[in-house]
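*Asks:* Once you've had a glance at the structure underneath, I'll fire off some questions.
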Amino acid sequence: MSTLSEEFHEMMAVFNQTVNDIDIRLLQTSLKYTKDREFSLGANVVRLQSYAKMDRTLPDFVLEKLEEPEYVDFGLTEMCLPQTDTYESMPEHKWRKIREALNDVSSEQDIEHLINYCNERFLFFGWKQMRESMEILGRPQFRKLLWKLEGPKVSEAENYEAILEVLDKAERNELKAIHWTKAI
């Protein structure tokens, strides 16, 4: 007979506690309950990500680092956390600023700096934004670097062909060799 780990028992205790705390009125309207629960779970995931980001930005003279919370501290289970490496595209008002910065790119370091800026703020390129970026960046080495850094994060893999169709065939094949996911 196998024994269950202590972590599993702790996780089940947290799960049972959250189940017992459910308001009966919310159970009657299950769709509303599901939406509320999804919102609170999503907010908790964002809180975890924000905490990690805040901890990285503390100045060096701060000696005492805060204890990093775990997903269990917010009543989350592993099943609630994002399971894929797909990212939602950035909102339009943020894209306008990134587009302006892309127009001012003059070296590969500028692109790397821009991508780091986006990653720190959880801003990711959608397929339309990636396609427009390919059009904005005139030099093939800039497009190659952008594709290498951001291509795998474009969640709409079925649109990869549409992203790269603005390029000539040789460059398209070169970028496909770097990263390519077949649409299902």
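The values are calculated or read from the model by the stated rules, or taken from the named source; none is laboratory data. A quick note: this is a predicted structure, and the numbers were derived from the prediction, not measured. Quick reminder, even Gly has a Cβ in these numbers, built from the backbone with ideal geometry, and neighbours come from all protein chains shown.
*Asks:* Looking at ILE111 and the list (1) modelled with pLDDT of 90 or more; (2) surrounded by fewer than 19 Cβ atoms within 10 Å (Cβ to Cβ), which single condition is not satisfied?
*Replies:* With (1) modelled with pLDDT of 90 or more; (2) surrounded by fewer than 19 Cβ atoms within 10 Å (Cβ to Cβ) applied to ILE111, the lone miss is (2).
*Asks:* Could you please find all residues in the range 114-163 being within 16 Å of HIS179 (Cβ to Cβ), of a type in the set (Ser, Thr, Tyr) and surrounded by fewer than 18 Cβ atoms within 10 Å (Cβ to Cβ)?
*Replies:* SER155
*Asks:* ALA183: modelled with pLDDT under 85, of a type in the set (Gly, Ala, Ser) and not assigned by TED's automatic domain parsing to the domain that holds VAL105, yes or no?
*Replies:* On the way: modelled with pLDDT under 85: yes; of a type in the set (Gly, Ala, Ser): yes; not assigned by TED's automatic domain parsing to the domain that holds VAL105: yes.
So ALA183 passes the test.
*Asks:* Any chance the range 157-169 includes a residue that's among the hydroxyl-bearing types (Ser, Thr, Tyr) and in a loop (DSSP other than H, G, I, E, B)?
*Replies:* Within the range 157-169, not a single residue is among the hydroxyl-bearing types (Ser, Thr, Tyr) and in a loop (DSSP other than H, G, I, E, B).
*Asks:* Let me ask something additional. Against the condition modelled with pLDDT of 90 or more and not in a strand (DSSP E or B), how does GLU174 come out, does it pass? Spell out how you get there, then give the answer.
*Replies:* On the way: modelled with pLDDT of 90 or more: no; not in a strand (DSSP E or B): yes.
So GLU174 does not fit the description; no.
*Asks:* Another question, if that's okay. Would you point out the residue of the range 132-146, among those that are touching a residue at least 24 places away in the same chain (Cβ under 8 Å) and over 22 Å from GLU92 (Cβ atoms), that is nearest to the chain's Cα centre (by Cα)?
*Replies:* Only one residue tops the list, namely LEU145.
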